[in-house]
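Novice: Following this message is one structure expressed as structure tokens.
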Amino acid sequence: MTTRDLVLIALFAAIIVFLGVIPPITLGFIPVPITAQSMGVMLAGCIIGAKRGALAYLLVILMVAVGLPVLSGGRGGLAILAGPTAGYIAGWVVGTFVTGIIAEKLVRESQTGTRQLAGFFIASVVGGIGVVYLLGIAWLAFVTGLGIEKAVMGSLAFIPGDILKAAIAALAARAVIVGYPLLPQRA
């Protein structure tokens with residue numbers, strides 16, 4: 001791992017923490033808030049790649065584990081990593097890795113802007129939404145006793161916002177690849 005890799009990991013961990021400054025939106029029917037930090041999954045995976053993006057999220061989780069209030073709403077501590085949202089938090093790491101892998105496979109500098117946007121959007125939806133939801137819903141159903149069907153139904157409320165986040169992440173990743181092409185240099 002190079003110094004550049006460490007800087008990018010720290011930078012994206014800081015971006016993820018900054019996204020936590022935006023207050024969470026709680027829904028009364030599911031104990032999982034809507035946060036901007038889930039967009040970091042898409043941004044990190046698309047911009048700095050699978051390994052570095054996942055390591056950025058692991059760094060954030062380490063900060064949470066030691067009690068730093070870095071999650072949306074000023075939350076932190078080990079209890080968060082065992083509560084209803086823990087599956088989503090673990091899903092962030094796996095989702096970032098999957099987003100990065102897909103982006104690395106689908107997007108090339110030589111492609112048209114439309115193809116790059118489409119590749120980043122697909123990577124963001126599959127990794128940033130699909131994988132995160134898979135782990136998050138499974139853990140939520142297990143911990144709360146809601147059952148998979150109710151956990152899935154409750155999580156449907158997140159889809160419109162997450163699609164919007166995927167579009168924003170795709171636009172941001174496209175802007176970065178044009179201005180500062182990190183994609184071919186991923187670790």
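The values are calculated or read from the model by the stated rules, or taken from the named source; none is laboratory data. For clarity, every value in this text was computed on a predicted model and none was experimentally measured. Positions of Cβ are generated from backbone atoms using ideal geometry, with glycine treated the same way; all protein chains shown enter the neighbour counts. Just the protein is used for accessible areas: all its heavy atoms, side chains included, with ligands, DNA and RNA removed. Shrake-Rupley method; radii C 1.70, N 1.55, O 1.52, S 1.80 Å.
Novice: So which of Ala138, Ala123 ends up being assigned to a helix (DSSP H, G or I) and either polar (S, T, N, Q) or open to solvent by 30 Å² or more (accessible area, probe 1.4 Å) (or both)?
Specialist: Numbers: Ala123 fails: either polar (S, T, N, Q) or open to solvent by 30 Å² or more (accessible area, probe 1.4 Å) (or both).
Step by step, each of Ala138, Ala123 is checked, and only Ala138 is assigned to a helix (DSSP H, G or I) and either polar (S, T, N, Q) or open to solvent by 30 Å² or more (accessible area, probe 1.4 Å) (or both).
Novice: Quick test of your reading of the structure: Ile47 fulfils all but one of (1) of a type in the set (Val, Ile, Thr); (2) in contact (Cβ under 8 Å) with a residue 60 or more places away in the chain; (3) in contact with a Gly (Cβ under 6 Å, 6 or more places away or on another chain); (4) within 29 Å of Ala118 (Cβ to Cβ). Name the failing condition by number.
Specialist: Only one criterion in (1) of a type in the set (Val, Ile, Thr); (2) in contact (Cβ under 8 Å) with a residue 60 or more places away in the chain; (3) in contact with a Gly (Cβ under 6 Å, 6 or more places away or on another chain); (4) within 29 Å of Ala118 (Cβ to Cβ) is unmet by Ile47, namely (3).
Novice: Taking the stretch 41-52 as the region of interest, how many residues are more than 12 Å from Leu11 (Cα to Cα) and open to solvent by less than 10 Å² (accessible area, probe 1.4 Å)?
Specialist: The total comes to 6.
Novice: I need a count of the residues in the stretch 104-162 that are over 21 Å from Leu43 (Cα atoms) and of a type outside the set (S, T, N, Q).
Specialist: Of the residues in the stretch 104-162, 19 are over 21 Å from Leu43 (Cα atoms) and of a type outside the set (S, T, N, Q).
Novice: Restricting attention to the stretch 105-115, does a residue exist that is over 19 Å from Gln37 (Cβ atoms), open to solvent by less than 30 Å² (accessible area, probe 1.4 Å), assigned to a loop (DSSP other than H, G, I, E, B) and not acidic (Asp, Glu)? Spell out the reasoning first.
Specialist: In the first step, residues of the stretch 105-115 are kept if they are over 19 Å from Gln37 (Cβ atoms); the result is 105-115.
From the residues that got through so far, the ones that are open to solvent by less than 30 Å² (accessible area, probe 1.4 Å) too are 107, 113.
Of the ones still in play, those that are also assigned to a loop (DSSP other than H, G, I, E, B) are 107.
Next, from what is left, pick out any that are not acidic (Asp, Glu): 107.
There is at least one residue in the stretch 105-115 that is over 19 Å from Gln37 (Cβ atoms), open to solvent by less than 30 Å² (accessible area, probe 1.4 Å), assigned to a loop (DSSP other than H, G, I, E, B) and not acidic (Asp, Glu).
Novice: Return the total of residues in the stretch 75-103 being in contact (Cβ under 8 Å) with a residue 24 or more places away in the chain, open to solvent by less than 50 Å² (accessible area, probe 1.4 Å) and over 12 Å from the mean Cα position of the chain (by Cα).
Specialist: 7
Novice: Any idea which residue in the stretch 58-74 is farthest from Gly91 (Cα to Cα), counting only those that are touching a helix residue (DSSP H, G or I) at 6+ places or on another chain (Cβ under 8 Å) and open to solvent by 50 Å² or more (accessible area, probe 1.4 Å)?
Specialist: Leu59
Novice: Sticking with this structure for a sec: Going residue by residue through the stretch 2-23, is there one that turns out to be part of a helix (DSSP H, G or I), at pLDDT 95 or above and basic (Lys, Arg)?
Specialist: no
Novice: Let me ask something additional. Identify, please: which residue in the stretch 44-88 is of a type in the set (Lys, Arg) and modelled with pLDDT of 95 or more and is, among those, nearest to Val126 (Cα to Cα)? Full working, then the answer.
Specialist: The initial filter retains those residues of the stretch 44-88 that are of a type in the set (Lys, Arg), namely 51-52, 75.
Next, only the ones that are modelled with pLDDT of 95 or more stay: 51-52.
Numbers: Lys51: 17, Arg52: 18 Å.
Across the stretch 44-88, the extreme among qualifying residues is Lys51.
Novice: Just a yes or no: is a residue in the stretch 145-152 closer than 21 Å to Ile25 by Cβ, buried (at least 21 other Cβ atoms within 10 Å of the Cβ) and either free of Cβ contacts under 8 Å to residues at least 24 places away in the same chain or within 13 Å of the chain's Cα centre (by Cα) (or both)?
Specialist: At the first step, the residues of the stretch 145-152 found to be closer than 21 Å to Ile25 by Cβ are 146, 150-152.
Next, from what is left, pick out any that are buried (at least 21 other Cβ atoms within 10 Å of the Cβ): 151.
Right, trim to either free of Cβ contacts under 8 Å to residues at least 24 places away in the same chain or within 13 Å of the chain's Cα centre (by Cα) (or both) and you get none.
No, because not a single residue in the stretch 145-152 is closer than 21 Å to Ile25 by Cβ, buried (at least 21 other Cβ atoms within 10 Å of the Cβ) and either free of Cβ contacts under 8 Å to residues at least 24 places away in the same chain or within 13 Å of the chain's Cα centre (by Cα) (or both).
Novice: May I pose another question? Restricting attention to the stretch 24-39, which residues are under 15 Å from Thr85 (Cβ atoms) and either assigned to a helix (DSSP H, G or I) or open to solvent by less than 70 Å² (accessible area, probe 1.4 Å) (or both)?
Specialist: Scanning the stretch 24-39 gives Pro24, Leu27, Ile30, Pro31, Val32, Pro33, Ile34, Thr35, Ala36, Gln37, Ser38.
Novice: Continuing with this model, one more query. Just to be sure, is Leu55 open to solvent by 60 Å² or more (accessible area, probe 1.4 Å), over 25 Å from Gly161 (Cβ atoms), in contact (Cβ under 8 Å) with a residue 12 or more places away in the chain and assigned to a helix (DSSP H, G or I)?
Specialist: Details: open to solvent by 60 Å² or more (accessible area, probe 1.4 Å): yes; over 25 Å from Gly161 (Cβ atoms): yes; in contact (Cβ under 8 Å) with a residue 12 or more places away in the chain: yes; assigned to a helix (DSSP H, G or I): yes.
Against the criterion (open to solvent by 60 Å² or more (accessible area, probe 1.4 Å), over 25 Å from Gly161 (Cβ atoms), in contact (Cβ under 8 Å) with a residue 12 or more places away in the chain and assigned to a helix (DSSP H, G or I)), Leu55 qualifies.
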